[in-house]
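**Student:** Following this message is one structure expressed as structure tokens.
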Amino acid sequence: MDAEETGGVVELSRGVYWVGAIDWNGRDFHGFTTPGGTTYNSYLVIGEKTALIDTVKAPFTGEMLRRIGQIIDPSKLDYIIINHMEPDHSGSLADLKNQTNAKILITRRGIDILNGYFRDSGSENWDIGIVATGDQLDLGGKTLMFLEATMLHWPDSMETFLKEDRILFSNDGFGQHIATSKRYDFEVRDILPEAAEYYSNILMPFHIPLLRYLGVLARLEIEPLQIAPSHGIIWKQDLPKILEAYRSWANGEVKEKVLVIYDTMWGSTEIMANEIAEAVRVAGVEVKLLNLRKNPRSHIMKELLDAAAFAVGSPTLNNGLFPTVGDFLVYLKGLRPRKKKAMAFGSYGWGGGAVKIIEQELKNAGIEVFEPGLQVKYRPYGKELVRCQKLGEKLAAAAKEQ
Ligand code: FEO
């Protein structure tokens, strides 16, 4: 049996349970728009001793405790494994520590963060042990091995491997922000795009630590049968697909795909954007036209993940960028996408300026600006429209060169 459900608790394997929480109405995850909600997954491992792997965001503590309570009395927990101290996973820690004498196991880098968040709950008196890559915890019939996963997603991040059942509890790694009553990949349709959106917005800046971590898994010959992240569904049937996708994304692999990302004030920049996109389409390259007021920035980052080239367009407003374009460029810079070529375009009335700022911000984000930007005064006509078409052709050619 793949997943046995008893009153909301799902058994991943004998003595291993999902006891997390479903955030059906969460719509924003620190700037990442989550139209489908999210989950905070906790897992309970029962050997002769018991361990809880990760907790949940604070408002969901009761939901997690009720699920744990269907298996064991939460006060009898022996260990709490903190794979990651970000509050979406550690939010229940103080409440849980009020009910149990469980020992906390955490990485050395996690201690400072734990005390940063929980000093006023008495964390400096909690029973805490430090673990590092290769350390093992024998629960009696269940053995947990710890794997530091530094910067996946914070300095403290860690993943935990249950050796007997070959389940990798991967915390933020391999996650997706979706709320679903299902727990496994084979129960949910088309989950890989959700994982791509999650990767683009959470882990994209950390490709080097990710490649290093995938190397550690290979060196230690860790070949999981299930990858159980702390957000979204558990990978089992599609496990090879998600591992291959992570390798591809971490290596910055792109395809013949172009994005035209823009906002518009009185329609002129939109006319340019349409003209550029149509020229890319006519050149036979996949293109997506994305208005920044109609598409969340996190969705645009998912589309950018495998795009080889893109254009950013803005009208000039008060000598600067249109606000949505500025917002997007700040977000883009933080996520540091790789192996992309880009250019800028936009309209203006008298002073201009937005195109130069876009180019500078793209360069600041480490992106190659391969073509000088195009500014059009007031409205694009005749020759200007032809120049937009030429830019579209150059974007298509850049995508084909990748
Ligand atoms: Fe899901 Fe970095 O927290």
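The values are calculated or read from the model by the stated rules, or taken from the named source; none is laboratory data. The structure displayed is predicted, hence computed values, not measured ones. Ideal geometry is used to build each Cβ from the backbone, glycine not excepted, and the neighbour counts take in all protein chains shown.
**Student:** So for the stretch 18-40 (the condition being touching a residue at least 40 places away in the same chain (Cβ under 8 Å), in contact with a Gly (Cβ under 7 Å, 6 or more places away or on another chain), part of a strand (DSSP E or B) and closer than 25 Å to Asn101 by Cα), does at least one residue qualify?
**Tutor:** Yes, because at least one residue in the stretch 18-40 is touching a residue at least 40 places away in the same chain (Cβ under 8 Å), in contact with a Gly (Cβ under 7 Å, 6 or more places away or on another chain), part of a strand (DSSP E or B) and closer than 25 Å to Asn101 by Cα.
**Student:** What residue, of Leu395, Leu304, Leu362, is free of Cβ contacts under 8 Å to residues at least 60 places away in the same chain, surrounded by 17 or more Cβ atoms within 10 Å (Cβ to Cβ) and not in a loop (DSSP other than H, G, I, E, B)? Let's see the steps before the verdict.
**Tutor:** Numbers: Leu395 fails: free of Cβ contacts under 8 Å to residues at least 60 places away in the same chain; Leu304 fails: free of Cβ contacts under 8 Å to residues at least 60 places away in the same chain.
Going through Leu395, Leu304, Leu362 in turn, the sole match is Leu362.
**Student:** Consider Arg108 against the criteria (1) free of Cβ contacts under 8 Å to residues at least 40 places away in the same chain; (2) under 20 Å from Glu148 (Cβ atoms); (3) surrounded by 16 or more Cβ atoms within 10 Å (Cβ to Cβ): it satisfies all of them except one. Which criterion is unmet?
**Tutor:** Of everything listed in (1) free of Cβ contacts under 8 Å to residues at least 40 places away in the same chain; (2) under 20 Å from Glu148 (Cβ atoms); (3) surrounded by 16 or more Cβ atoms within 10 Å (Cβ to Cβ), Arg108 misses just condition (3).
**Student:** Let me ask something else about it. For the stretch 317-338, check the following and say yes or no: at least one residue is of a type in the set (S, T, N, Q) and buried (at least 22 other Cβ atoms within 10 Å of the Cβ).
**Tutor:** Checked against the condition, which is being of a type in the set (S, T, N, Q) and buried (at least 22 other Cβ atoms within 10 Å of the Cβ), the stretch 317-338 yields no hits at all.
**Student:** Here are Asp135, Asp95: which of them is among the acidic types (Asp, Glu), surrounded by 13 or more Cβ atoms within 10 Å (Cβ to Cβ) and in contact (Cβ under 8 Å) with a residue 12 or more places away in the chain?
**Tutor:** Only one candidate qualifies: Asp95.
**Student:** Mind checking which helices (runs of 4 or more DSSP H) fall wholly inside the stretch 54-126 and carry at least 3 residues that are among the hydrophobic types (A, V, I, L, M, F, W, C)?
**Tutor:** It comes to 61-69, 93-99, 108-118.
**Student:** Within the stretch 40-63, take every residue that is over 23 Å from Gln136 (Cβ atoms) and touching a Pro at 6+ places or on another chain (Cβ under 9 Å) and give me the one that is surrounded by the fewest Cβ atoms within 10 Å (Cβ to Cβ).
**Tutor:** It comes out as Ala58.
**Student:** Within the stretch 280-297, which residues are assigned to a helix (DSSP H, G or I) and closer than 12 Å to Leu259 by Cα?
**Tutor:** Val280, Arg281
**Student:** Let me ask something additional. Condition first: aliphatic (A, V, I, L, M) and surrounded by 24 or more Cβ atoms within 10 Å (Cβ to Cβ). Now tell me which residues in the stretch 232-278 satisfy that. Explain how you work it out, then say what you get.
**Tutor:** Taking the stretch 232-278 as the starting set, the residues that turn out to be aliphatic (A, V, I, L, M) are 233-234, 239, 242-243, 245, 250, 254, 258-261, 265, 271-273, 276-277.
Answer for the stretch 232-278, where residues must be aliphatic (A, V, I, L, M) and surrounded by 24 or more Cβ atoms within 10 Å (Cβ to Cβ): Ile233, Ile234, Val258, Leu259, Val260, Ile261, Met272, Ala273, Ile276.
**Student:** Moving on. Does the stretch 69-92 hold any residues that are surrounded by fewer than 22 Cβ atoms within 10 Å (Cβ to Cβ) and β-branched (Val, Ile, Thr), and which are they?
**Tutor:** Ile71, Ile72
**Student:** How many residues are within 16 Å of the ligand (Cβ to nearest atom), among the polar types (S, T, N, Q) and closer than 20 Å to Ser92 by Cβ when one looks only at the stretch 115-160?
**Tutor:** The qualifying residues number 2.
**Student:** From the list Glu187, Glu197, which residue is touching a residue at least 60 places away in the same chain (Cβ under 8 Å), within 16 Å of the ligand (Cβ to nearest atom), more than 24 Å from Gln136 (Cβ to Cβ) and not assigned by TED's automatic domain parsing to the domain that holds Lys340?
**Tutor:** Step by step, each of Glu187, Glu197 is checked, and only Glu197 is touching a residue at least 60 places away in the same chain (Cβ under 8 Å), within 16 Å of the ligand (Cβ to nearest atom), more than 24 Å from Gln136 (Cβ to Cβ) and not assigned by TED's automatic domain parsing to the domain that holds Lys340.
**Student:** Anything in the stretch 195-212 that is surrounded by 21 or more Cβ atoms within 10 Å (Cβ to Cβ) and more than 8 Å from the chain's Cα centre (by Cα)? List them, or say none.
**Tutor:** Phe206, Leu210
**Student:** Let me spell it out: the conditions are (1) over 19 Å from Lys339 (Cα atoms); (2) within 16 Å of the ligand (Cβ to nearest atom), and Ala273 meets all of them except one. Which number is the exception?
**Tutor:** Checking Ala273 against (1) over 19 Å from Lys339 (Cα atoms); (2) within 16 Å of the ligand (Cβ to nearest atom), the one that fails is (2).
**Student:** Moving on to the next point. For the stretch 215-263, enumerate the residues that are closer than 20 Å to Leu335 by Cβ and out of contact with any strand residue (DSSP E or B) (no Cβ under 9 Å at 6 or more places or on another chain).
**Tutor:** Selection gives Ala245, Tyr246, Arg247, Ser248, Trp249, Ala250, Asn251, Gly252, Glu253.
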